[in-house]
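> One structure, as structure tokens, below. Some questions next.
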Amino acid sequence: MNATAGYSGTPLARKLGIAASSRVLLVDAPDDLPALLAPLPEGVAFTPDADARVDIAHVFVTRREDLQRQLQRLRRVLRADAALWVSWPKQSARVPTTVTEDTIRELALPLGWVDVKVCAVSAVWSGLKLVVRKDLR
């Protein structure tokens, strides 16, 4: 699989909004994600810590409980203008999961997140982009 995973032909880093000098947090990312993101824009930095300097966070989850914990944690620490991508296994991937696109919305909306975009991350993962509602920024 290459950086044009999915149907659009657009490089994955661009689909996810990773721009030059972005600071990106990855949580439980699959081992092949670096290859899928290549080539990255200049100056992109990956950080192991969730804090107010993160521009984009990308969380990979298979369990509802983990999703709920991550959404609550990241809502407290990320800047209001940061983007959060949540990826879950596609049904066709046959990966055991308790997370669907609807589950993400069900847990995220009460915390002030809204979904604004969906994309194919790989043959296994779909992604839903969340941002904090404008009236809460």
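The values are calculated or read from the model by the stated rules, or taken from the named source; none is laboratory data. Here the structure is a predicted model, which is why all the values come from computation and not from measurement. So basically every Cβ, Gly included, is an ideal-geometry build from the backbone, and we count neighbours across all protein chains shown.
> When residues of the range 41-72 are filtered for being closer than 14 Å to residue 84 by Cβ, part of a loop (DSSP other than H, G, I, E, B) and free of Cβ contacts under 8 Å to residues at least 24 places away in the same chain, how many remain?
The number of residues fulfilling the criteria is 0.
> Condition (residue is out of contact with any helix residue (DSSP H, G or I) (no Cβ under 7 Å at 6 or more places or on another chain), among the basic types (Lys, Arg), touching a residue at least 40 places away in the same chain (Cβ under 8 Å) and surrounded by 16 or more Cβ atoms within 10 Å (Cβ to Cβ)) applied to the range 10-24: is it met by at least one residue?
yes
> For the range 58-78, give me each residue that is loosely packed, with under 13 Cβ neighbours inside 10 Å and more than 17 Å from residue 106 (Cβ to Cβ).
Selection gives 76 alone.
> Let me ask you something else. Does residue 23 count as touching a strand residue (DSSP E or B) at 6+ places or on another chain (Cβ under 6 Å), modelled with pLDDT of 95 or more and charged (D, E, K, R)?
Criteria met by residue 23.
> Just wondering, is there one or more residues in the range 78-97 that are small (Gly, Ala, Ser), under 16 Å from residue 28 (Cβ atoms) and over 11 Å from the mean Cα position of the chain (by Cα)?
Checking the range 78-97: at least one residue is small (Gly, Ala, Ser), under 16 Å from residue 28 (Cβ atoms) and over 11 Å from the mean Cα position of the chain (by Cα).
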